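Taking it in order: structure first as C-alpha coordinates, then the write-up.
The values are calculated or read from the model by the stated rules, or taken from the named source; none is laboratory data. Predicted, not measured: the structure shown is a model, and the values here were computed from it. When we count neighbours, we look across all protein chains shown, and the Cβ atoms used for this are built from the backbone with ideal geometry, even at glycine.
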(Lines give C-alpha, C1' and ligand atoms only; values in the text may rest on other atoms or scores of the structure.)
Protein backbone atom coordinates (compact mmCIF):
# COMPACT_ATOMS: atom_id res chain seq x y z
CA UNK A 1 0.00 0.00 0.00
CA UNK A 2 1.35 3.44 -0.94
CA UNK A 3 1.77 5.84 1.97
CA UNK A 4 1.77 9.60 2.42
CA UNK A 5 4.85 11.59 3.43
CA UNK A 6 4.45 14.69 5.58
CA UNK A 7 7.38 17.11 5.74
CA UNK A 8 7.09 19.77 8.43
CA UNK A 9 8.81 23.08 7.77
CA UNK A 10 8.70 26.42 9.63
CA UNK A 11 5.16 26.40 11.11
CA UNK A 12 3.54 24.39 8.31
CA UNK A 13 3.93 21.23 6.23
CA UNK A 14 4.10 19.67 2.79
CA UNK A 15 2.19 16.46 2.08
CA UNK A 16 3.29 14.12 -0.72
CA UNK A 17 0.38 11.83 -1.54
CA UNK A 18 -1.40 9.78 -4.19
CA UNK A 19 -4.60 9.60 -2.15
CA UNK A 20 -7.46 11.25 -4.05
CA UNK A 21 -9.20 12.03 -0.75
CA UNK A 22 -6.44 14.52 0.09
CA UNK A 23 -7.61 16.72 -2.78
CA UNK A 24 -10.79 17.45 -0.81
CA UNK A 25 -8.88 18.90 2.13
CA UNK A 26 -7.94 22.54 2.46
CA UNK A 27 -4.40 23.37 1.32
CA UNK A 28 -2.90 26.75 0.48
CA UNK A 29 -1.32 25.26 -2.63
CA UNK A 30 -1.92 22.06 -4.63
CA UNK A 31 0.58 20.81 -7.23
CA UNK A 32 -0.75 17.92 -9.27
CA UNK A 33 1.40 17.70 -12.36
CA UNK A 34 4.15 15.08 -11.74
CA UNK A 35 6.76 17.20 -13.52
CA UNK A 36 5.91 20.23 -11.37
CA UNK A 37 6.03 18.08 -8.22
CA UNK A 38 9.48 16.90 -9.18
CA UNK A 39 10.64 20.47 -9.87
CA UNK A 40 9.29 21.70 -6.53
CA UNK A 41 11.18 19.04 -4.59
CA UNK A 42 14.32 19.53 -6.69
CA UNK A 43 14.40 23.25 -5.74
CA UNK A 44 12.49 23.46 -2.45
CA UNK A 45 13.63 26.98 -1.57
CA UNK A 46 10.59 27.89 0.49
CA UNK A 47 11.00 24.87 2.77
CA UNK A 48 14.26 26.36 4.00
CA UNK A 49 13.53 30.12 3.91
CA UNK A 50 12.48 30.32 7.61
CA UNK A 51 9.42 32.43 6.74
CA UNK A 52 6.95 30.71 4.35
CA UNK A 53 4.05 28.92 6.03
CA UNK A 54 1.86 27.53 3.25
CA UNK A 55 0.27 24.12 3.57
CA UNK A 56 1.14 22.35 0.32
CA UNK A 57 -0.20 19.18 -1.28
CA UNK A 58 2.09 17.49 -3.80
CA UNK A 59 -0.07 14.97 -5.61
CA UNK A 60 2.02 12.26 -7.28
CA UNK A 61 1.35 8.61 -8.29
CA UNK A 62 4.61 7.47 -6.63
CA UNK A 63 5.05 9.49 -3.43
CA UNK A 64 7.75 7.18 -2.07
CA UNK A 65 10.01 7.72 -5.07
CA UNK A 66 9.66 11.50 -4.84
CA UNK A 67 10.37 11.40 -1.10
CA UNK A 68 13.52 9.36 -1.67
CA UNK A 69 14.77 11.85 -4.28
CA UNK A 70 14.13 14.72 -1.88
CA UNK A 71 15.99 12.95 0.93
CA UNK A 72 19.01 12.42 -1.31
CA UNK A 73 19.29 16.19 -1.86
CA UNK A 74 19.33 17.08 1.86
CA UNK A 75 21.65 16.51 4.79
CA UNK A 76 19.74 13.69 6.51
CA UNK A 77 19.80 13.59 10.31
CA UNK A 78 18.45 10.53 12.13
CA UNK A 79 16.94 11.19 15.55
CA UNK A 80 14.98 9.25 18.13
CA UNK A 81 12.46 10.38 20.70
CA UNK A 82 9.84 9.27 23.15
CA UNK A 83 6.15 9.84 23.77
CA UNK A 84 6.42 8.81 27.42
CA UNK A 85 3.57 7.93 29.77
CA UNK A 86 3.69 7.23 33.50
CA UNK A 87 1.55 4.89 35.58
CA UNK A 88 -1.07 7.65 35.94
CA UNK A 89 -1.52 8.09 32.17
CA UNK A 90 0.27 11.46 32.15
CA UNK A 91 2.55 12.36 29.25
CA UNK A 92 6.09 13.75 29.61
CA UNK A 93 6.78 17.18 28.08
CA UNK A 94 9.82 19.45 28.03
CA UNK A 95 10.03 23.22 27.56
CA UNK A 96 12.91 24.33 25.35
CA UNK A 97 13.60 27.65 23.61
CA UNK A 98 10.13 28.99 24.24
CA UNK A 99 8.22 25.91 23.03
CA UNK A 100 6.72 22.80 24.59
CA UNK A 101 8.31 19.73 23.07
CA UNK A 102 8.89 16.00 23.44
CA UNK A 103 12.30 14.57 24.43
CA UNK A 104 14.37 13.55 21.43
CA UNK A 105 17.87 13.78 20.01
CA UNK A 106 20.36 12.73 17.37
CA UNK A 107 21.25 9.04 17.16
CA UNK A 108 24.92 8.27 17.60
CA UNK A 109 26.96 6.30 15.04
CA UNK A 110 26.31 2.53 15.31
CA UNK A 111 23.60 3.15 17.93
CA UNK A 112 20.27 1.31 17.70
CA UNK A 113 17.59 3.95 17.16
CA UNK A 114 15.34 2.60 19.94
CA UNK A 115 18.30 2.59 22.36
CA UNK A 116 19.18 6.12 21.30
CA UNK A 117 15.59 7.29 21.83
CA UNK A 118 15.61 5.81 25.35
CA UNK A 119 18.99 7.44 26.08
CA UNK A 120 17.75 10.85 24.93
CA UNK A 121 14.69 10.65 27.18
CA UNK A 122 16.83 9.80 30.20
CA UNK A 123 19.42 12.50 29.42
CA UNK A 124 16.90 15.27 28.75
CA UNK A 125 14.44 14.56 31.58
CA UNK A 126 15.97 12.21 34.16
CA UNK A 127 13.06 9.78 33.65
CA UNK A 128 13.95 6.08 33.46
CA UNK A 129 12.06 3.94 30.93
CA UNK A 130 10.45 0.58 31.60
CA UNK A 131 9.09 -0.47 28.18
CA UNK A 132 9.22 0.71 24.56
CA UNK A 133 6.52 -0.09 22.02
CA UNK A 134 7.46 -0.84 18.40
CA UNK A 135 7.15 0.01 15.54
CA UNK A 136 7.98 3.72 15.91
CA UNK A 137 6.17 6.69 14.38
CA UNK A 138 8.29 8.45 11.75
CA UNK A 139 8.23 12.21 11.22
CA UNK A 140 10.21 14.53 8.91
CA UNK A 141 11.28 18.12 9.58
CA UNK A 142 13.04 20.32 6.99
CA UNK A 143 15.15 23.24 8.20
CA UNK A 144 18.28 25.26 7.47
CA UNK A 145 21.33 24.71 9.69
CA UNK A 146 24.68 26.42 9.14
CA UNK A 147 23.78 27.12 5.54
CA UNK A 148 22.78 23.52 4.79
CA UNK A 149 19.35 22.15 3.85
CA UNK A 150 18.71 19.57 6.57
CA UNK A 151 16.00 16.94 6.91
CA UNK A 152 15.54 15.42 10.34
CA UNK A 153 13.95 11.98 10.33
CA UNK A 154 12.77 11.22 13.86
CA UNK A 155 11.62 7.81 15.05
CA UNK A 156 9.19 8.30 17.94
CA UNK A 157 8.53 5.41 20.32
CA UNK A 158 5.62 5.12 22.72
CA UNK A 159 7.28 4.48 26.09
CA UNK A 160 6.20 3.59 29.62
CA UNK A 161 8.20 5.11 32.45
CA UNK A 162 9.22 3.07 35.45
CA UNK A 163 6.81 3.70 38.35
CA UNK A 164 7.52 6.56 40.71
CA UNK A 165 9.43 8.76 38.25
CA UNK A 166 8.84 12.10 39.96
CA UNK A 167 12.43 13.40 40.03
CA UNK A 168 12.37 15.38 36.78
CA UNK A 169 15.74 16.87 35.82
CA UNK A 170 15.84 19.19 32.78
CA UNK A 171 19.06 18.97 30.74
CA UNK A 172 19.93 22.64 30.94
CA UNK A 173 22.97 22.31 28.66
CA UNK A 174 20.48 21.43 25.91
CA UNK A 175 18.43 24.56 26.73
CA UNK A 176 15.69 22.58 28.46
CA UNK A 177 14.12 24.78 31.11
CA UNK A 178 11.30 22.60 32.45
CA UNK A 179 10.10 19.00 32.45
CA UNK A 180 6.51 18.19 33.37
CA UNK A 181 4.08 15.28 33.57
CA UNK A 182 0.84 16.51 31.98
CA UNK A 183 -2.63 15.03 32.29
CA UNK A 184 -4.31 14.43 28.88
CA UNK A 185 -7.23 16.69 29.82
CA UNK A 186 -4.80 19.58 30.44
CA UNK A 187 -2.87 19.24 27.19
CA UNK A 188 -4.52 21.95 25.10
CA UNK A 189 -2.58 24.83 26.66
CA UNK A 190 0.67 22.97 26.04
CA UNK A 191 -0.30 22.17 22.45
CA UNK A 192 -0.94 25.86 21.82
CA UNK A 193 2.68 26.50 22.76
CA UNK A 194 4.18 23.67 20.71
CA UNK A 195 5.43 23.18 17.15
CA UNK A 196 2.88 21.79 14.63
CA UNK A 197 4.75 18.46 14.47
CA UNK A 198 4.52 18.06 18.26
CA UNK A 199 0.86 19.13 18.31
CA UNK A 200 0.04 16.44 15.75
CA UNK A 201 1.95 13.74 17.66
CA UNK A 202 0.12 14.61 20.86
CA UNK A 203 -3.24 14.78 19.10
CA UNK A 204 -2.77 11.35 17.50
CA UNK A 205 -1.22 9.49 20.43
CA UNK A 206 -2.50 10.92 23.72
CA UNK A 207 -6.04 10.18 24.78
### Residue list for segment 34-60, filter: assigned to a loop (DSSP other than H, G, I, E, B), at pLDDT below 95 and either buried (at least 21 other Cβ atoms within 10 Å of the Cβ) or in contact with a helix residue (DSSP H, G or I) (Cβ under 8 Å, 6 or more places away or on another chain) (or both)
44, 52
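Filter segment 134-159 for residues that are over 20 Å from residue 101 (Cβ atoms) and loosely packed, with under 15 Cβ neighbours inside 10 Å and give the result.
From segment 134-159, those over 20 Å from residue 101 (Cβ atoms) are 134-135, 146-149; that's our starting set.
Matches in segment 134-159: 134, 135, 146, 147, 148.
Quickly run through segment 99-125 and pick out the residues that are over 17 Å from the mean Cα position of the chain (by Cα) and either without any contact (Cβ under 8 Å) to a residue 40 or more places away in the chain or not in a helix (DSSP H, G or I) (or both). I'd like the intermediate steps shown before the answer.
So in segment 99-125, the residues over 17 Å from the mean Cα position of the chain (by Cα) come out as 108-112, 115, 119, 122-123, 125.
Within segment 99-125, 108, 109, 110, 111, 112, 115, 119, 122 qualify.
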### Query
Does segment 14-24 include one or more residues that are in contact with a helix residue (DSSP H, G or I) (Cβ under 9 Å, 6 or more places away or on another chain), over 22 Å from residue 127 (Cβ atoms) and at pLDDT below 95?
no
### Total residues in segment 113-127, condition surrounded by fewer than 15 Cβ atoms within 10 Å (Cβ to Cβ) and in contact with a helix residue (DSSP H, G or I) (Cβ under 9 Å, 6 or more places away or on another chain)
0
### Task
Of the numbered conditions (1) assigned to a helix (DSSP H, G or I); (2) surrounded by fewer than 18 Cβ atoms within 10 Å (Cβ to Cβ), residue 168 fails exactly one; give the number of that condition.
(1)
### Task
Have a look at 152, 144 and point out the one that is assigned to a strand (DSSP E or B), over 11 Å from residue 85 (Cα atoms) and in contact with a helix residue (DSSP H, G or I) (Cβ under 6 Å, 6 or more places away or on another chain).
144
